[in-house]
Amino acid sequence: MRITAGTAGGTILASPKGPAIRPTPDKVKQAVFSSLGERVVGARVLDLFTGSGALGLEALSRGAASAALVDASRFCMEAVRTNADKARLLDLVEVHRSDSIRFIEQLAQAGKQFDLIFADPPYEKSRRSEASLARKLLNCPALVSILAPDGLLVLEHFKDDSLEAVESWEVQRELRHGDTVVVFLRAPSSTRTTSTRTKEGP
């Protein structure tokens, strides 16, 4: 696993060990960032369930302004710091050891917003789709509020997870690779309009 392009392109990344760790393959990562294109440049990035930090660090290597990397695992946090240091991106990174959904709620209370949010929650193939972490994440009201008006949520989930019934999100694009689906989501138009008006004032 490595950073595939940008200022830190070619940097080999350490991956934390464990049954819940499922790094995004380089092929999928390249497809994701090819789809995002210039949207990454100057973006404020949030990488939830970050694991090794691969997605957030890839974004920084490709020109993102900053990245907050969040994971509940101590081993993941150690890997993130090691990888950010190897890639010489440590000064652009905020590392937070926290439950991702709890951290989203704290960000919302603080009024923080991000242009790109990556989320690759652990999943179990045997778990019923309606109980998946992907669904729990999308049903978190605070997540909408921390996404900038023209921002994107890039969510990885198991192919059998049914997300069609989840409201408040608009699907922009889908990528499929084996058991993994990557979906690009925007907040509903009404929410984006409200956020923009709030920022601009009456």
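Only the coordinates and a few stated rules stand behind these numbers; no lab work does. Please read all numbers here as calculations on a predicted model, not as lab measurements. So basically every Cβ, Gly included, is an ideal-geometry build from the backbone, and we count neighbours across all protein chains shown.
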task = Using per-residue counts of other Cβ atoms within 10 Å, averaged over each peptide, order 91-102, 170-181, 111-122, 42-53 from highest down.
result = 42-53, 111-122, 91-102, 170-181
request  = Holding the Cα-Cα limit at 24 Å, pick out from 27/86; 86/112; 29/112; 86/159 the pairs that are longer than that.
outcome  = 86/112; 29/112; 86/159
inquiry  = Taking just the alpha-carbon atoms of the range 11-89, what radius of gyration and Dmax come out, in angstrom?
reply    = 11.9, 34
remark   = For the range 76-91, Karplus-derived ³J(HN,Hα) couplings (6.51, -1.76, 1.60; θ = phi - 60°; whole Hz; x for glycine and proline) come out as 5, 4, 5, 5, 4, 5, 4, 5, 5, 5, 4, 7, 6, 10, 4, 6
ask   = What is the set of long-range amide H partners of residue 66 at a cut-off below 5 Å, with H atoms built 1.01 Å from backbone N?
value = 45
